[in-house]
Amino acid sequence: MNTNYKTPIDPAGNLNLDLSPYNRALNQLRAGCVRCYEKVLQGLTTVKTAVEREFSRFTQGNDLLLKAAINEAEALAWQTPYPHLLFPVLAEEKATAARQWAERQSAIRSRAPG
């Protein structure tokens, strides 16, 4: 039987654990997660800008409507495990709906008397 091991408890009864290797690993993991998050966020921002640019000419001055639609798509995407995969499709779908609404409103206003 091997009895040549160090106990993590000192003579005063205090627990002495060297957690520095675990702390380094945890910090590396944390840094990796932050880099991944920043990369996803950058991708979402790029898509958001592209969708806004593409659909802004169709919303006929309803920029707030378009921004709200894209923000809603982003909020829905973040509720999934893969926001970077779903956001582009959701943003385009919501922007299309906003464009259709703006077109209907324009048609209604053009038919209104006065």
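Below is a table of values for the structure above.
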item: DSSP-assigned coil residues among trypsin sites (Lys or Arg not before Pro) in the range 1-102, each with at most 15 further Cβ atoms within 10 Å; result: Lys6, Arg57
item: Pairs of Lys in the chain closer than 25 Å at Cα, counting only those 8 or more apart or on different chains; result: 6
item: Percentage, to the nearest whole number, of Cα pairs in the range 43-111 over 20 Å apart; result: 27
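Values in this text are rule-based calculations from the coordinates and carry no lab data. As the structure is a prediction and not an experimental result, all values here were calculated from the model. Quick reminder, even Gly has a Cβ in these numbers, built from the backbone with ideal geometry, and neighbours come from all protein chains shown.
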